[in-house]
Amino acid sequence: QVKKQCDQKLLIRMKTKCVPCSLNLDTQCPAGYTKITNGTGTPDCRYYLETKTHTLSFPGCRHRCVKEFKQPECCKGHWGPDCMGE
């Protein structure tokens, strides 16, 4: 049997919102995503607090998340919704 379907694997990456590092332990990735950082996450961002007169900026943390996604694709020499061909 000739293989007709050669799905491509795509990795979709995203980062959670920047928050104070001490509050980031419990941060979850969106549904379907897997957290790839541990503990308080990565301290590579800044979050902002607005007062009446100023906007204050503080160093913060965020988590990195990935989701594996299969993109249906036909193997070489096949085409169409059912990957017929040759």
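If amide H atoms are built 1.01 Å from N in the plane of the peptide, which residues on other chains or at least 5 residues away come under 5 Å of the amide H of Asn24? Here nothing satisfies the definition. The value of relative contact order for region 15-86, using C-alpha pairs under 8 Å at least six residues apart, is 34 percent.
Taking the protein heavy atoms of the chain in the context of the full set of protein chains, the accessible area attributed to carbon and sulfur is 54 percent at 1.4 Å. Extension gain for Asn38 to Trp79 (0.36 nm times residue separation, less C-alpha to C-alpha distance): 10.5 nm. Only the Cβ atoms of Lys and Arg (+1) and of Asp and Glu (-1) were treated as charged; on that basis the dipole of the chain about its Cα centre amounts to roughly 200 debye.
Farthest toward the positive end of the dipole of region 9-71, out of Asn24, Asn38, Gln71, is the Cα of Gln71, where the dipole comes from beta carbon charges about the Cα centre. One way to sum up the overall shape of region 9-71 is the equivalent ellipsoid from its Cα gyration tensor, whose semi-axes run 28, 12, 9 Å, largest first. Of all lysines in the structure, those lying under 23 Å Cα to Cα from Lys70, and not within fewer than 8 positions of it along the same chain, are Lys3, Lys4, Lys9, Lys15, Lys35. Applied to region 43-60, the Karplus parametrisation 6.51 cos²θ - 1.76 cosθ + 1.60 on θ = phi - 60° returns per-residue 3J(HN,Hα) values of x, 10, 8, 10, 10, 10, 10, 9, 9, 5, 10, 9, 10, 9, 10, 10, x, x Hz, with x for Gly and Pro.
Taking Lys and Arg as +1 and Asp and Glu as -1, the other residues whose beta-carbon sits under 13 Å from that of Pro43 total +3.
Annotation: per residue accessible area for region 9-71 equals 75 Å², rounded to a whole number [probe 1.4 Å, protein chains only].
The values are calculated or read from the model by the stated rules, or taken from the named source; none is laboratory data. These numbers come from a predicted model, not from an experiment. All Cβ positions, even for glycine, are placed from backbone atoms using ideal geometry, and neighbour counts span all protein chains on display. To get the accessible areas, we keep the full protein, side chains included, count just its heavy atoms, and leave off ligands, DNA and RNA. Shrake-Rupley method; radii C 1.70, N 1.55, O 1.52, S 1.80 Å.
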